Amino acid sequence: MTQELGDVDSLVRQRLRALRLAQGLSLGDLAERTHLSPSSLSRIENGQRRLALDQLVLLARGLDTSLDELVEVQEDEVVSNAEIDQSMGSLRWHLRRSPDTLVLRRRVTGPPPAPKRMRAHPGQEWLVVLSGTLTLLLGERRYRIETNQSAEFDTMLPHAFGAEGGPVDVLMVVDRAAGRGHRDQPDG
């Protein structure tokens with residue numbers, strides 16, 4: 001991955017403007033936070049003024065971000081392909097920027113679970129139902145999660161999934177510990 005200095009310069013300027021606008025800040029608002037003039041900020045954003053390290057530090061603080069995040073170069077690879085996980089009957093993706101996080105897409109076809117099928121393991125889990133209706137047993141409670149609804153829980157609570165009225169497609173975001181727990185116990 002090589003990127004020309006001009007590309008980095010342009011990327012940083014774009015980020016500065018995008019962060020300012022995303023936070024609803026005018027040039028005047030940011031000027032108050034950074035002690036730089038609004039005209040200087042405008043020239044920085046538009047590429048009419050050289051980017052100086054001391055100004056970047058002030059701008060990062062004023063925009064409530066880190067200098068690293070402001071100047072970090074984007075990886076060339078932004079598209080990744082799913083891996084097929086036969087043991088879980090799912091597709092999975094590893095997030096490059098969050099290596100401890102796993103994204104899984106599962107098709108749940110079994111009936112609503114019985115309490116004896118519940119399992120617990122370390123970790124955190126968030127899921128969204130893409131289609132169908134999922135039954136989630138979580139501890140002593142039963143939840144019905146429909147299309148476009150989500151759930152988030154600590155996987156140390158005994159839990160199990162089942163499909164209600166037909167197959168259910170679920171997108172799950174799990175931490176590494178929860179991912180290991182599901183690989184070791186494909187039913188839950």
Scoring only Lys, Arg, Asp and Glu (+1, +1, -1, -1) among other residues with Cβ under 12 Å from the Cβ of Arg49 yields +1
0 to 90° range, to nearest 10: angle between helix 5-22 axis and the chain longest Cα axis: 70 degrees
Modelled label-to-label distance, Gln48 and His94, 7 Å Cα→beta-carbon offset: nm? 4.8 nm
Output the 0 to 90 degree angle, nearest 10, between the alpha-carbon long axis of helix 53-62 and the longest principal axis computed from the alpha carbons of the chain. 50 degrees
For the stretch 90-143, max minus min Cα coordinate along each principal axis, in Å, sorted largest first? 36, 26, 15
Which value, in debye to the nearest 20, gives the size of the charge dipole of the chain about its Cα centre, when Lys and Arg are +1 and Asp and Glu are -1 at the Cβ? 440 debye
Please find the FRET efficiency linking Ser37 to Arg13, where r is the Cβ-Cβ separation and R0 is fixed at 22 Å, and quote it to the nearest 0.05. 0.85
Order by protection proxy (mean Cβ within 10 Å, highest first), peptides 58-69, 43-54, 160-171: 160-171, 58-69, 43-54
For n ≥ 4 DSSP H runs only, could you compute -39500 (n - 2.57) per run for the chain, divide by its residues and tell me the 222 nm figure to the nearest 500? -9000 deg cm²/dmol
If I compute Cα Rg over 2.2 N^0.38 Å from the structure I just sent, which labelled value in (1) 1.44; (2) 1.38; (3) 1.51 lines up? (1)
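Since every read-out is calculated from the coordinates, none of them should be taken as a lab result. Just so you know, these numbers come straight off a predicted model, no measurement behind them. Note: ideal-geometry Cβ built from the backbone for every residue, glycine included; neighbour counts use all protein chains shown.
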